[in-house]
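The values are calculated or read from the model by the stated rules, or taken from the named source; none is laboratory data. If you're wondering where the values come from, they're calculated on a predicted model, not measured in any experiment. Glycine gets a Cβ as well: all are built from the backbone with ideal geometry, and neighbour counts include every protein chain shown. Note: accessible area is taken over every heavy atom of the protein model, side chains too, but ligands, DNA and RNA are not part of it. Shrake-Rupley method; radii C 1.70, N 1.55, O 1.52, S 1.80 Å.
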Amino acid sequence: MAMASFLTRTRITAIVTALAPILLLASPILSSTYSEYEGKINTHLQNGNNALAVGDLQKAIEHYEACLALDHNQRYCNINIASALVDINEAEQDETIKQERATRAISLLRHVLSLHPTDGDAAFNLALLLQDSSHTEDVTREAAKLYEIAVQAADLDAEEEDRWDALANMAAAKQELGDFLGPYGARRSYERSVVLLEALAKEYNANIDQMINDVDSAAREYDDEGFREAQMEVNSINAYLSKLYYGYGTVLSELTPSDCLHLMTEETLLMDTNDGNDEKSAKVVCETNALNAMRLAVDLDGNNVVAMHMLAAVTGGENEDGGYGGKERASNEFVSALFDDFADTFDEKLGALGYKVPQLIGEAAYDLLQMSNKETHTFDSILDAGCGTGLAGRFLKSLVGGPLVGVDLSKKMLELAAECTLTKGCGLKEQDTIQNKESDERSRTPLYDKLASLDLETASLNELASGLTTVHPIDGFELIVAADVLVYFGDIQKLLLNFAKLSNGDDANSSFLIFSCERIKDEEAPPAGWKLQSSGRYAHSKSYVTEVAESAGFDLIGYEKIVPRLEKGVAVDGHLFIFAIGGDVEEDDDVHVEVETVMEEL
């Protein structure tokens with residue numbers, strides 16, 4: 001597994017729909033008209049709204065269609081039929097029909113905005129639909145502009161309630177685009193949404209206090225169900241606030257010293273900027289407030305595992321063993337949440353950062369085969385540990401004669417890997433994908449023979465081999481690879497011991513392990529040999545990795561300093577290890593083969 005940027009970009013859309021489903025798309029709106037012709041339009045609009053309110057989506061759509069047949073420019077019939085189409089899609093099983101409805105809903109909302117460019121409801125709804133349909137940078141940019149229209153419409157209308165939902169979604173979108181400052185930048189938008197949502201939480205808490213402390217409460221029957229519902233609402237709001245505070249904290253932590261100094265001149269709702277007199281002091285103000293925001297995120301929701309992990313990372317506190325608070329690895333819940341959220345944009349983001357680890361692992365595996373005396377020049381079996389969307393699998397498939405098994409904690413990543421075949425997906429660019437090959441067996445052959453969601457520290461051979469059809473029973477894997485997996489482990493002893501158990505090396509034959517880590521120099525490493533960095537990833541020293549690997553039974557046969565990717569335009573220090581277990585092996589420093597050589601084998 002690997003990532004473009006550690007900081008998760010959770011869309012606040014989920015918050016909106018969970019807190020108030022009616023906000024998914026605009027509430028039905030009535031117009032005031034008087035002619036007979038317009039009266040018919042309004043009647044269909046009202047009947048459609050009534051049907052929509054009671055969940056009769058098909059009847060609502062029929063009335064809105066009749067409305068549009070009379071006037072295809074009627075603003076509210078266009079907005080509301082789009083809402084009904086989205087709602088009815090929730091129960092639809094036919095993907096083609098779902099896509100047709102979603103496409104039409106988008107078209108209807110675009111039509112409204114072509115006639116009414118400042119319609120906040122249409123803009124907000126369209127932004128949600130676009131982000132649900134695609135996760136490209138262009139779509140995120142358009143969605144951010146649409147959310148801004150919704151926010152500005154509310155700002156200009158004295159009777160319109162402030163749109164915390166639009167502010168929150170705009171903040172997340174603009175953060176992803178790196179648009180942090182300004183009146184509609186991510187920082188300010190997070191602040192405004194937090195203030196509005198905290199006011200809502202205050203109202204709910206006041207209602208709960210009244211239920212408990214009202215002088216008349218003893219005289220009436222205690223409303224236990226009402227109390228539980230109110231408390232659940234407060235808990236939900238706190239969970240949403242936790243995500244907002246986390247997003248706010250990550251924005252502040254990403255600001256440069258010059259950005260922080262500029263921020264000191266802007267109006268803020270959650271910060272005291274008096275101490276930021278120059279770039280150095282302004283950066284301290286940003287970092288202090290970022291840390292406070294992340295602490296609030298954790299306090300508000302103990303289940304926000306991403307905030308918990310990043311709080312540990314940014315504090316940088318080390319215990320006597322060199323780890324932070326005994327945090328020896330990222331939790332399974334954190335990794336799953338992170339990559340489930342990141343799955344849809346994973347390949348695209350990494351491609352933009354020059355991510356090379358899958359390529360380097362493929363080259364090293366190819367080189368091992370060239371040095372071997374095997375007649376087949378393929379590995380009997382390969383385990384892709386932390387396979388993600390299958391980027392390494394694309395380089396490995398041609399190198400294995402038996403099963404290629406992938407393991408990952410993120411089920412969404414595994415779903416994407418499962419879609420890969422020999423001719424599409426898993427790192428193949430769209431223009432390289434073989435088209436019109438439905439009858440070709442290669443286009444129907446999955447890249448992986450098995451995919452499983454398991455913890456790599458405890459995964460057993462029985463779990464990994466179960467269900468595989470092979471000529472001979474699998475007694476272990478001849479090659480195990482882990483592309484950027486160890487960046488989520490501090491202490492790697494349990495992991496490498498389990499890799500040793502899963503390997504099939506014996507006295508006569510070797511099996512191999514190839515993996516990458518982020519690199520910290522031996523002289524700069526804490527006593528433990530690893531460090532949780534502010535990025536949220538772990539870095540390891542070479543001496544620590546080799547010592548732990550050797551204690552698990554592995555012998556180092558290859559090592560290379562690498563640049564796995566760029567981080568904010570700066571090369572990340574990494575290293576690639578090649579180990580053998582069993583047999584009679586010698587170290588070989590020449591482990592590099594050009595990627596074109598590997599890809600030719602496909």
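Which percent of the accessible area of the stretch 453-576 is formed by carbon and sulfur heavy atoms (probe 1.4 angstrom)? Whole-percent figure for carbon plus sulfur exposure: 47. For the stretch 153-277, the pair-distance distribution built from all alpha carbon pairs, in bins 5 Å wide starting at 0, is 2, 10, 17, 17, 14, 12, 10, 7, 5, 3, 2, 1, 0 percent.
Between amide H atoms placed 1.01 Å from N, distances below 5 Å from ILE480 occur with LEU383, PHE512, LEU513, ILE514, all of them 5 or more places distant or on a separate chain.
If packing is taken as the mean number of other Cβ atoms within 10 Å per residue, what is the order of 553-566, 256-269, highest first? Could you put the intermediate results ahead of the total?
Numbers: 553-566: 18.4, 256-269: 15.8.
Most protected by this proxy first, the peptides run 553-566, 256-269.
Heavy-atom accessible surface of the stretch 36-156, averaged per residue, reaches 48 Å², computed with a 1.4 Å probe.
Applied to the stretch 170-180, the Karplus parametrisation 6.51 cos²θ - 1.76 cosθ + 1.60 on θ = phi - 60° returns per-residue 3J(HN,Hα) values of 5, 4, 5, 5, 6, 5, 4, 7, x, 9, 8 Hz, with x for Gly and Pro. Peptides 113-124, 154-165, 55-66 ranked from most to least packed give 113-124, 55-66, 154-165, packing being the mean of other C-beta atoms within 10 angstrom over each peptide's residues.
Taking only protein heavy atoms into account and a 1.4 Å probe, give the accessible area per residue of the stretch 462-519 in Å². Working shown, then result.
Details: 2310 Å² over 58 residues.
Per residue, the stretch 462-519 has 40 Å² of solvent-accessible surface.
At q = 0.24 Å⁻¹ the log10 of I(q)/I(0) for the stretch 44-152 amounts to -1.31, computed by Debye summation with a single uniform scatterer per C-alpha, solvent ignored.
Gap in Å between the Cα centre of the stretch 532-588 and the Cα centre of the stretch 493-515? Cα centroid of the stretch 493-515 versus Cα centroid of the stretch 532-588: 15 Å apart.
Among the listed pairs LYS327/LYS561; LYS450/LYS521; LYS283/LYS568; LYS327/LYS501; LYS98/LYS356; LYS374/LYS501, those whose Cα-Cα separation exceeds 29 Å are LYS450/LYS521; LYS98/LYS356. Solvent-accessible surface of the stretch 216-316, averaged per residue with a 1.4 angstrom probe and all protein chains in place: 50 square angstrom.
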